[in-house]
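The values are calculated or read from the model by the stated rules, or taken from the named source; none is laboratory data. Since we're looking at a predicted model, the values are computed, not measured. Ideal geometry is used to build each Cβ from the backbone, glycine not excepted, and the neighbour counts take in all protein chains shown. Each accessible area value is taken on the protein alone, full model and side chains, heavy atoms only, with ligands, DNA and RNA left out. Shrake-Rupley method; radii C 1.70, N 1.55, O 1.52, S 1.80 Å.
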Amino acid sequence: MAYGLTFALLEGTQRALVSDLSTHKGTAQGIFQASVGLATIPANLIAGMLWDLLPILPFIYGAIVSLLSALLISSIEIEKS
């Protein structure tokens, strides 16, 4: 339930941000979705290796990566039109 709610809240905003930051909207969406798909493979491998070390580590790693991502996104200046 929580995953579905999180996915529903984030998917639309991610697509909107990609669309707002690009002049070639279709190409940008395709590259974004391909990047997300390709990033899923190493992400799952890393999570599996961390889980084998200690089951809490994938969650700590996810929290750290999320924090870094939020900091990077907040540093982007978007022009208001």
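Of the GluC sites (Glu not before Pro) found in the chain, those in coil by DSSP whose Cβ has at most 15 other Cβ atoms within 10 Å are Glu77, Glu79. For the chain, carbon and sulfur atoms together expose 73% of the accessible surface, with a 1.4 angstrom probe and every protein chain in place.
Heavy-atom accessible surface of the chain, averaged per residue, reaches 84 Å², computed with a 1.4 Å probe.
When the helices of the chain are scored as -39500 (n - 2.57) per DSSP H run of n ≥ 4 and the total is divided over every residue, the value at 222 nm lands at -29000 deg cm²/dmol. Just so you know, the Cα atoms of the chain work out to an Rg and Dmax of 15.2, 49 Å.
Between the helical axis of 2-21 and the longest alpha-carbon principal axis of the chain there is an angle of about 40 degrees. For the pair Ser69 and Met49, the difference between a 0.36 nm per residue extended length and the Cα-Cα distance amounts to 5.0 nm. The charge dipole of the chain, taken about the Cα centre with unit charges on the Cβ atoms of Lys, Arg (+1) and Asp, Glu (-1), comes to about 120 debye, rounded to the nearest 20.
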